[in-house]
């Protein structure tokens, strides 16, 4: 049993992620006994010998396989840094992943991962709607490199999604499937396990069709895609993991074999996160479950209130799914909570939605999500504005939709703000 494995147990009890977030992966004796990990604000690390430097570079540049138990030694902060190594160790805990790679942004994680596994002539399939930046990367940028991209609607039933995956892979060109579930901003769900099974059917010994899940909306506390059969899980760490709207970062988690390949690409693209981001994110991880639990509880109260409001036409919230609804079985199987994101349509169109947004006082009018403060925005003209209107409507994004990221404020105060805004 390794020292890390031992640090995860007390006797026969395996410690929970929320407990391990305080100390896992960090040895205070290596930092003058400091209780918390210092910020290693350095570009360069000293080798003990020329032979050690040679060995480190052999591993870093893939000139040889690592020996059993061998780690990549510290070389240069574009390759590795103590703050990021400890952060990456802790990020693996919630998802039970073998390895993690941290990036300077969520888009850095998605783009680096895509460029690691996709080549000219390959096909990428993704669910819609997704985050607007992801949509633009897939629909506008990757095709310039000879990568074909296709999409399917997240609102389709599980059987239709399965057929879409099988159809995309029938000629052998499908290499990568990316799901964002719940979908941004409609909260529609995609059955991860079913997509993973379809991808496995299309895989061969020579070529595995990889499945990645953007788990930003619910993870890592309320949904664990790797347990559902996904190969990789992606995060905008800016959102719930960071949780304070003061850091930009992203991550990709999965098997050591896959993540090591991603880290090799990251080294040469230079998309690695920095030590300050790593330190801030380690600090935030300590309160992640507390914050997400409070946000989810508030979101439930607000979604229930919105559902009864006469000026609200529809509420998009996984916690309202009932038996017989298309996503009901998927929600119960792969989600542990409905999370803190609520979208809703108001009566009217863009003008009426803008009026509500402009009238908010406590809830801030801003994009992003997952922070301690509640935010509201208009997806059609903001985060998803690069998508043509007719495509937005097909995805379920309406002119009257408002996306609400619920924070940790008093729920009744948030309702008071929404009530006066909807009355305007």
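Go over the candidates 248, 301 one by one and state the one that is outside any strand (DSSP E or B) and not assigned by TED's automatic domain parsing to the domain that holds residue 216.
Result: 301 is the single residue among 248, 301 that is outside any strand (DSSP E or B) and not assigned by TED's automatic domain parsing to the domain that holds residue 216.
Could you check residue 264 against (1) modelled with pLDDT of 95 or more; (2) surrounded by fewer than 21 Cβ atoms within 10 Å (Cβ to Cβ) and say which number it fails?
It fails just one condition, (1).
Here's a check for you: in the stretch 230-245, which residue that is touching a strand residue (DSSP E or B) at 6+ places or on another chain (Cβ under 7 Å) and in a loop (DSSP other than H, G, I, E, B) is nearest to residue 98 (Cα to Cα)?
Checking each candidate, the answer is 231.
Tell me, please, whether a residue that is in contact with a helix residue (DSSP H, G or I) (Cβ under 7 Å, 6 or more places away or on another chain), surrounded by fewer than 19 Cβ atoms within 10 Å (Cβ to Cβ) and part of a strand (DSSP E or B) can be found in the stretch 332-339.
no
Across the stretch 143-196, which residue is nearest to residue 319 (Cα to Cα) among those that are under 20 Å from the mean Cα position of the chain (by Cα) and in a helix (DSSP H, G or I)?
Ranking the candidates gives 192 first.
Limited to the stretch 304-331, what total is found for residues that are in a helix (DSSP H, G or I), in contact with a strand residue (DSSP E or B) (Cβ under 6 Å, 6 or more places away or on another chain) and surrounded by 17 or more Cβ atoms within 10 Å (Cβ to Cβ)?
1
Inspect all residues belonging to the stretch 257-275 and state whether any of them is assigned by TED's automatic domain parsing to the domain that holds residue 114, in contact with a helix residue (DSSP H, G or I) (Cβ under 6 Å, 6 or more places away or on another chain), closer than 30 Å to residue 69 by Cβ and part of a strand (DSSP E or B).
Yes.
Only one of (1) touching a helix residue (DSSP H, G or I) at 6+ places or on another chain (Cβ under 6 Å); (2) modelled with pLDDT of 90 or more; (3) surrounded by fewer than 21 Cβ atoms within 10 Å (Cβ to Cβ) fails for residue 101. Which number is that?
If we test residue 101 against (1) touching a helix residue (DSSP H, G or I) at 6+ places or on another chain (Cβ under 6 Å); (2) modelled with pLDDT of 90 or more; (3) surrounded by fewer than 21 Cβ atoms within 10 Å (Cβ to Cβ), just (3) comes out false.
Conditions tested, residue by residue: (1) more than 24 Å from residue 102 (Cβ to Cβ); (2) surrounded by 11 or more Cβ atoms within 10 Å (Cβ to Cβ); (3) within 31 Å of the chain's Cα centre (by Cα).
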{"site": "17", "(1), (2), (3)": "no, yes, yes"}
{"site": "29", "(1), (2), (3)": "yes, no, no"}
{"site": "35", "(1), (2), (3)": "no, no, yes"}
{"site": "39", "(1), (2), (3)": "no, yes, yes"}
{"site": "50", "(1), (2), (3)": "yes, no, no"}
{"site": "64", "(1), (2), (3)": "yes, no, no"}
{"site": "69", "(1), (2), (3)": "no, no, yes"}
{"site": "73", "(1), (2), (3)": "no, yes, yes"}
{"site": "84", "(1), (2), (3)": "no, yes, yes"}
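Could you identify the single residue in 115, 87, 124 that is part of a strand (DSSP E or B) and either touching a residue at least 24 places away in the same chain (Cβ under 8 Å) or over 28 Å from residue 383 (Cα atoms) (or both)?
After applying the criteria, what remains is 124.
Just one of 157, 132 is closer than 26 Å to residue 333 by Cβ and modelled with pLDDT under 95; which is it?
157
Checking residue 153 against (1) in contact with a strand residue (DSSP E or B) (Cβ under 9 Å, 6 or more places away or on another chain); (2) crowded, with 23+ Cβ neighbours inside 10 Å, which single condition isn't satisfied?
Every condition holds for residue 153 apart from (2).
The values are calculated or read from the model by the stated rules, or taken from the named source; none is laboratory data. On a predicted model such as this, the values are computed, not experimentally measured, just so you know. We place every Cβ from the backbone using ideal geometry, glycine too, and count neighbours over all the protein chains shown.
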